[in-house]
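Inspection log for the structure reproduced underneath, given as structure tokens.
The values are calculated or read from the model by the stated rules, or taken from the named source; none is laboratory data. Treat the numbers as computed from the prediction; the structure is a model and nothing was measured. With ideal geometry, Cβ positions are generated from the backbone for all residues, glycine too; neighbour counts draw on all protein chains shown.
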Ligand SMILES: Nc1ncnc2c1ncn2[C@@H]1O[C@H](COP(=O)(O)OP(=O)(O)OP(=O)(O)O)[C@@H](O)[C@H]1O
Ligand SMILES: [Mg+2]
């Protein structure tokens, strides 16, 4: 069964002082997410990810199209009781402790008062915050806050969990903790739909991903299926710092370090490059196929402009969405 069906969703925002400037955030977007899947929703800044999530949550209305969650319409209260949501930049009252915050959200989402304490403890345990349950949120690190946000999204044991940029601003350990949490949710039979810029996390976690750009779907499928469509590359390493002219004219980038030179080039140029090395009597060390990553697919789909807006495996965003090298 489809946990989520998005059917021709369109969104035009009317912006500007007189609301005369219109911004098309989603051009008919159609996709479906299976029950029990971890589904990654990827795209550069401004692609329409948060807009899609807000429409699914009923926080903004679509200009056209519709969507169903668990087979129910977006305004159906029975459906709302079965979903959880972590917004992109959640704001929590920071004088509350984690336990008080969860009790507050539990009451809002209609958790049975008799079960509230038990559910709060279970959620804190699941996100590994039991030891900080009575600490005020203003003393929490960014990673702990994000986990508190996820605890609030799963407290009422929803079937489908929506997370908008759950790894944003986290260090590698924090990202791993959130990844583990998402995997636990799947193991407990939940469907998880999350947006991210961090492609390596999506690659490690997702059963399927969708890539959107400027409100349009640009690719959808399992990561190996998507990456198979990208032309492969090979890495050639040889001894010495000399680079044959035949290789230079291919426009490939070489990197010499110590007594070896390393070259990465498209598979179809491999024979020509090896021939050039042989002619110059350079000693070949290795020829290894380079695994095509989701980032390669992303760049192939969206072009290099978009690449600067997503985060590769060595880059993360800090709390202010600035990119920084790890
Ligand atoms: N309330 C609004 N009024 C006007 N335009 C908006 C509004 N919200 C979003 N937009 C525009 O709609 C487009 C999609 O925005 P959205 O926030 O959905 O993108 P996103 O994929 O979540 O981006 P990011 O990765 O930066 O979070 C952007 O061009 C944005 O400027
Ligand atoms: Mg967003």
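Results for (1) within 16 Å of ligand 2 (Cβ to nearest atom); (2) modelled with pLDDT under 95; (3) assigned to a strand (DSSP E or B), shown as yes or no for each residue.
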| residue | (1), (2), (3) |
| --- | --- |
| 217 | no, no, yes |
| 246 | no, yes, no |
| 256 | no, yes, yes |
| 272 | no, yes, no |
| 276 | no, yes, no |
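Within the stretch 44-57, being near ligand 2 (Cβ under 9 Å from one of its atoms) and in a loop (DSSP other than H, G, I, E, B) holds for 45, 46, 47, 48. Kindly check whether there is at least one residue in the stretch 227-238 that is modelled with pLDDT under 90, surrounded by fewer than 17 Cβ atoms within 10 Å (Cβ to Cβ) and either on the phi > 0 side of the Ramachandran plot or part of a strand (DSSP E or B) (or both). No, there is no match, as no residue in the stretch 227-238 is modelled with pLDDT under 90, surrounded by fewer than 17 Cβ atoms within 10 Å (Cβ to Cβ) and either on the phi > 0 side of the Ramachandran plot or part of a strand (DSSP E or B) (or both).
Within the stretch 69-90, the set of residues being over 17 Å from residue 41 (Cβ atoms) and buried (at least 18 other Cβ atoms within 10 Å of the Cβ) comprises 70, 79. Applying the set (1) surrounded by fewer than 14 Cβ atoms within 10 Å (Cβ to Cβ); (2) within 16 Å of ligand 2 (Cβ to nearest atom); (3) not in a strand (DSSP E or B) to residue 23 leaves exactly one unmet item: (3).
The residue that is modelled with the highest pLDDT, counting only those in the stretch 1-20 that are outside any strand (DSSP E or B) and more than 13 Å from ligand 1 (Cβ to nearest atom), is 1. Condition test on residue 93, is it over 21 Å from the mean Cα position of the chain (by Cα), without any contact (Cβ under 8 Å) to a residue 60 or more places away in the chain and surrounded by 13 or more Cβ atoms within 10 Å (Cβ to Cβ)? Here the answer is no, as residue 93 does not meet what is asked.
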